[in-house]
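Written below as structure tokens is the structure these notes are about.
The values are calculated or read from the model by the stated rules, or taken from the named source; none is laboratory data. Since we're looking at a predicted model, the values are computed, not measured. So basically every Cβ, Gly included, is an ideal-geometry build from the backbone, and we count neighbours across all protein chains shown.
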Amino acid sequence: MATTTDPPLLLYDLLSSLQPPQWSPHTLRTRLLLNYLNIPFRTEFLSYPDIEPTLADLGLEGVEPVGGWERGPGWTVPVLLVPGGEGEGEAVSGTWGILGWVQKHWPEKATMLGDLEMAKAIGQKIFEEVITPARTVIWPVLPHILDERGQVYFRQSRQRWLGKDIESLLAPVEEQERIWAELRTTLRGLQPSGGERFLGGDGGPGYADFILVACLGWIKAVCPADWARIMAKDQDEGAEVSWLRSVWDGCEKWMV
């Protein structure tokens with residue numbers, strides 16, 4: 001969300017050919033956080049090959065790969081650049097790093113984010129049981145939403161990490177359907193047992209909801225038809241929309 005606040009916070013996000021461009025489950029989470037807490041920021045979208053030189057110039061060190069892959073990116077977004085009074089700024093890296101920075105500088109606002117220990121558990125579950133297995137159905141088709149330079153970088157980098165083309169990850173149609181069905185079951189299984197709309201409780205969404213909605217936003221950006229099936233309600237559901245759709249509708253306005 002661009003603002004005229006001076007000095008502005010600058011969020012580094014991942015570029016795509018979509019309108020609006022945001023699509024990454026990690027940067028969407030930070031975008032939801034900042035907008036929900038009404039913390040003004042502006043965005044610079046980076047193509048994949050520009051991430052490393054841009055962040056290295058800020059003095060950030062590379063990070064260790066996660067998620068079971070032997071190799072991974074040395075530099076990742078989101079990164080929040082915080083200007084300093086003398087022209088020197090602080091670069092805050094990663095979703096949890098940015099959350100910690102928000103807690104430090106806006107402690108009263110951070111109380112609106114709900115149970116953060118629960119959010120960490122939800123985040124770990126989504127990463128392990130949704131984002132990681134979903135790569136086999138999302139990565140092979142993801143380049144079509146990227147800018148031209150990003151497409152080339154994504155294909156080449158993943159081929160180096162995996163030792164094979166990303167298209168080879170794509171399973172037969174029947175296996176893809178099974179994977180999507182399991183992902184839907186996992187995501188719907190996060191619904192609170194007490195009937196609350198949000199993971200953060202009836203008082204409104206919390207950070208756990210932002211982790212969930214950011215993951216759904218990633219799926220929608222790359223595979224909109226599969227997203228629609230995930231969001232659809234079952235025939236025996238009495239509500240007007242599915243629980244996932246209710247959470248999405250309650251948070252979507254903060255994804256801008």
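The number of residues in the stretch 196-229 being surrounded by fewer than 23 Cβ atoms within 10 Å (Cβ to Cβ) and in contact with a Cys (Cβ under 9 Å, 6 or more places away or on another chain) comes to 1. Return a yes/no flag: does the stretch 54-70 have any residue that is outside any helix (DSSP H, G or I) and at pLDDT 95 or above. No, the stretch 54-70 contains no residue that is outside any helix (DSSP H, G or I) and at pLDDT 95 or above.
What number of residues in the stretch 17-30 are closer than 17 Å to ILE131 by Cβ and part of a loop (DSSP other than H, G, I, E, B)? So the count comes out to 3. Any residue in the stretch 118-147 that's closer than 20 Å to LEU169 by Cβ: show its pairings with residues that are among the acidic types (Asp, Glu) and surrounded by fewer than 19 Cβ atoms within 10 Å (Cβ to Cβ) at Cβ separation under 8 Å, as long as the two are six or more apart or on different chains. Listed by first residue and then by second, the contacts come to PRO133/GLU182; PRO140/GLU167.
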